[in-house]
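The values are calculated or read from the model by the stated rules, or taken from the named source; none is laboratory data. On a predicted model such as this, the values are computed, not experimentally measured, just so you know. Reconstructed Cβ throughout: ideal geometry from the backbone, glycine too, with neighbour counts over all protein chains shown. All accessible areas refer to the heavy atoms of the entire protein, side chains included, with ligands and DNA or RNA removed. Shrake-Rupley method; radii C 1.70, N 1.55, O 1.52, S 1.80 Å.
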Amino acid sequence: MFRILARSARTGIVTDPDPLAPRVQLGFPTIDFTRCTACGDCAGACPTGALELGAAEAASSRTLSLGYASCIGCRECVHACSDGAITAGSAGELIGHTREQLTRRAAFDVEPATGRFRFRQEESVPGPSPAESAQALAARIRGRFGRSLHVRQVDAGSCNGCELEIAATANPVFDLERFGIHFVASPRHADLLLVTGPVTRNMEIALRRTLEATPEPRVVVAVGACGCSGGIFGEGTYASIGGVDRVAPVDVYVPGCPPSPRAILAGLFVAMGLREARVRAEVTPAR
């Protein structure tokens, strides 16, 4: 017993005081559209279709999009890009309220003299970042433990990679319960559904019933590339319906394969603020 106490004293406190602080890590690929020639090599190398080369109205133009909801971080696009426009980034926490917010898209026009495409403009929809959303909510949330969040996690067909990262949010390093976030066994006790995996056809009915059993105002968070878009399993196949939003309305998307515990915490913080706003809207009488 004394050896255990002595070892604990030497270990000290391992809880991360700021789990959302920026850290250097391998994250999602980044693309510099100004260096891109829209050759399509990256789109051909992407196993999930996260990079998509689109034909525009005229033959003299085309579009290229990078959808982080489908990105699994394999970095095949980095090796395939001969222009050096795609690099391995360090941002691993991306949060969006729609798939479109997690997509970067640019338009290109052909140069008549060379026949090569040149960047014209970017057509992205801005989405909340952890710095703009999760950290803005964190200080208010930490001081209001009365606004706790009860989470029911649903595995709709995951490989369990996301489940490992979700479990890590409850370890001594991240300790999500200090923020008033708790996992519960029944959807009837839940405020939020945390759904992973592409929705398999065998799990579709179970997910719908779980959604119906969760009381309003509920929030749905899709975790991982599979949950956000179907990931490498795609959508509309013989065994998989696809992303969670094909079955249930998704309020927050947390992409990654798998997303880090910090990204999952950031998504839960955004979801907590969203649910607080809905609760206030319900209790505030209309004028």
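Side notes on the structure shown:
- Any chance Ile4 is without any contact (Cβ under 8 Å) to a residue 40 or more places away in the chain, in a helix (DSSP H, G or I) and of a type in the set (A, V, I, L, M, F, W, C): yes
- Arg62 being among the basic types (Lys, Arg) and exposed (fewer than 13 other Cβ atoms within 10 Å of the Cβ): no
- Taking the criterion of being free of Cβ contacts under 8 Å to residues at least 40 places away in the same chain and either more than 20 Å from Pro258 (Cβ to Cβ) or outside any helix (DSSP H, G or I) (or both), the residues of region 75-100 that qualify are His79, Ala80, Glu100.
- Flag if Thr87 is open to solvent by 20 Å² or more (accessible area, probe 1.4 Å) and under 15 Å from Glu122 (Cα atoms): no
- Subset tally (residues that are in contact with a Ser or Thr (Cβ under 6 Å, 6 or more places away or on another chain) and under 15 Å from Gly67 (Cβ atoms)) for region 96-112: 3
- Applying the criterion of being without any contact (Cβ under 8 Å) to a residue 12 or more places away in the chain and small (Gly, Ala, Ser) to the residues of region 31-58, the residue that is least open to solvent (accessible area, probe 1.4 Å) is Gly54.
- If you go through region 90-109 and keep only what is under 17 Å from Arg62 (Cα atoms) and open to solvent by less than 50 Å² (accessible area, probe 1.4 Å), you end up with Thr103, Ala106, Ala107, Phe108.
- Criterion: within 20 Å of the chain's Cα centre (by Cα) and not charged (D, E, K, R) - qualifying residue of Ala239, Ala225, Ala190: Ala225
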